Each structure stands twice: as C-alpha cells, then as structure tokens.
Amino acid sequence: MADRYLAAGDAATAGSLYCILLEKVIVHFEGWWPEWDGNGDVSSAVSDCIEGLAICLEKVADVKTRQPWLEVLLAAYFEDVRQGGIDYFWSADGHLLEQATDEEWRWIEKEVREEIDRRENWGRTALVGFLTARLEMTGQEKEADDFVLAHGTADQRAHLLLNRGRIEEAIEVARQHFAGRPGLVIDFANRLEDAGHAEDARGYITEQVEDPYGSHYRLWLAANYEEHGDLE
C-alpha cells in the first residue's frame, strides 16, 4: 500500500505507512526475528521500507511530517547497534547522514551522544564513527578529529593519532589500554608497521612479551624479524 501511494505521488502518506511498519518491527524485533525470519522475507520488507522512506524524505520538506520518519530511522539504527551491527536495518544510518537538515541533525546528534554514553567497545565505535562521518561530510575534519579524541574508544584514538603521524601519542594510548588484549596489541603493531614504523612496532611488542599472552607476541616478533632478514 505504501509503495502504491509513493508511485501515485503521495509521499506524505507513503512515508507515514513506511514509518508505522518500521515502528512495529522495531518494537517486536528482538523477540521474534531469529525464529520467524529465517528465509529473510521480513528483512527484505524492512529494507524496502527504509529505502521507501528515504525517497519520501527527498520529496517532503515539511518539518513536522519528516520528524517521525527520522525518529524511526534513528531507532532502527540504534537497534542495529544494540544487536552488534547485524545490518538488519541496513542503510538507516546512511540515510540519516544524507537526508537530515542541519536543524534536524542537531537533535539527532543529541540523541546519539546520549546513546554513546551507554555503549562500550563496538557500539561506541559505531556511534562515534556515525557522528564523525557527518562532521567530515560537512567539511569539519578538525572537529571530527577532536570528537574522536574526546569520545572515541582507545582503538579509535590510537588509530587516529597514528594516521596523523603522532606516533608516540598513539603508542602511549596503546600502552594504557591494550594490555592483556592480544588482538588489539597485534593489530596495532601491524598498523604501526604498515605506516612505516617497523622499529616502533617491534619495540611496542617487545614491551608486551612478559604478560600472560607473551607467547603470541614472541611469535609475532620472530615472524617480523624473519621477514626483515634478521634470522639471528
């Protein structure tokens, strides 16, 4: 029915119907989707609703009409983050970034900042990345960097500092936050080396060899020295 209204040029009514459908899916999502959507039919319908709503946002400028549409897209994105990034509500975040006006973005940003305070690890990484993407889209690269350094995860901050050539600061963040987490330690060392700082990478890994995961780090060092021709 929503598709027919949209095809007939009534984007306001179509958007309201897409919005209702998405609201109902989000309310009941966690309790039923793994069991009842094994063939992906509901997922496909959800994707159609999100894409239809994005088209409606392009066609409708009225602020009061748009508000609930943006709210349901944001709720869909938050649900996806809470579920660990399963992309069930794929593209909701992208449409928010592209379709929200500056005025609409102000309340979206407020909601996302509050959600960031409730999230750790992957969820926090995703939400910080979402806000910085908007800053970068609007030419505010410095503000994006500042936001990551103030609110990002340790991994985001270390990665940003490394990309900006602030190597010692990046290593210090890694020292403080990656100890006892071999996946992060080794990934950071690999990024250091890829950025042309092989000696710093070996030095950082050498500092970790006495912790409980030291065997992983010794293997990394052995492979790294071999790769660089230092067989001894």
Completion exercise
Cβ pairs under 7 Å, 6+ apart or interchain, first in the range 209-232 and at negative phi, second open to solvent by 60 Å² or more (accessible area, probe 1.4 Å) and basic (Lys, Arg), ordered by first then second residue, are VAL209/ARG218
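With respect to GLY123, determine if the residue is free of Cβ contacts under 8 Å to residues at least 40 places away in the same chain, among the small types (Gly, Ala, Ser) and closer than 21 Å to PHE29 by Cβ.
Working: free of Cβ contacts under 8 Å to residues at least 40 places away in the same chain: no; among the small types (Gly, Ala, Ser): yes; closer than 21 Å to PHE29 by Cβ: yes.
The answer is no for GLY123.
Give the residues of the range 18-55 that are among the aliphatic types (A, V, I, L, M) and in contact with a Leu (Cβ under 9 Å, 6 or more places away or on another chain), sorted by residue number.
In the first step, residues of the range 18-55 are kept if they are among the aliphatic types (A, V, I, L, M); the result is 20-22, 25-27, 42, 45-46, 50, 53-55.
Scanning the range 18-55 gives LEU22, ALA45, VAL46, ILE50, LEU53, ALA54, ILE55.
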Completion exercise
Pairing a residue in the range 53-71 that is open to solvent by 90 Å² or more (accessible area, probe 1.4 Å) with any residue that is assigned to a loop (DSSP other than H, G, I, E, B), where Cβ atoms lie under 9 Å and the two sit 6 or more apart in sequence or on different chains, gives LYS59/GLY9
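Specify the residue that is nearest to the chain's Cα centre (by Cα); the eligible residues are those in the range 192-232 that are outside any loop (DSSP other than H, G, I, E, B) and closer than 15 Å to GLU168 by Cβ. Show your work before the answer.
Within the range 192-232, the first condition is being outside any loop (DSSP other than H, G, I, E, B), and the residues that meet it are 192-194, 198-208, 214-227.
This time we only want the ones that are closer than 15 Å to GLU168 by Cβ, so: 192, 199-201, 203-204, 207.
Working: LEU192: 22, GLU199: 31, ASP200: 29, ALA201: 27, GLY203: 31, TYR204: 28, GLU207: 31 Å.
Going through the qualifying residues, I end up with LEU192.
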Completion exercise
Note on TYR88: of the conditions (1) exposed (fewer than 14 other Cβ atoms within 10 Å of the Cβ); (2) in contact (Cβ under 8 Å) with a residue 24 or more places away in the chain; (3) part of a loop (DSSP other than H, G, I, E, B); (4) of a type outside the set (Val, Ile, Thr), unmet is (1)
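Report yes if some residue within the range 94-112 is in a helix (DSSP H, G or I), open to solvent by 50 Å² or more (accessible area, probe 1.4 Å), more than 16 Å from VAL46 (Cβ to Cβ) and of a type in the set (S, T, N, Q); otherwise report no.
Our first condition is that a residue be in a helix (DSSP H, G or I); within the range 94-112, this holds for 94-99, 102-112.
Right, trim to open to solvent by 50 Å² or more (accessible area, probe 1.4 Å) and you get 98, 102-103, 106-107, 109-111.
Then drop every residue that is not more than 16 Å from VAL46 (Cβ to Cβ), which leaves 98, 102-103, 106-107, 109-111.
Restricting the remaining residues to those that are of a type in the set (S, T, N, Q) gives none.
No, the range 94-112 has no match at all.
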Exercise for the section: Sort out which residues of the range 154-174 are under 25 Å from GLU210 (Cβ atoms) and either in contact with a Ser or Thr (Cβ under 9 Å, 6 or more places away or on another chain) or loosely packed, with under 15 Cβ neighbours inside 10 Å (or both), and write them in order of number. Expected result: ASP155, GLU168, GLU172
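The values are calculated or read from the model by the stated rules, or taken from the named source; none is laboratory data. What you see is a predicted model, and the numbers here were worked out from it, not measured in a lab. So basically every Cβ, Gly included, is an ideal-geometry build from the backbone, and we count neighbours across all protein chains shown. Remember, those area values only see protein heavy atoms, side chains included, never the ligands or the DNA or RNA. Shrake-Rupley method; radii C 1.70, N 1.55, O 1.52, S 1.80 Å.
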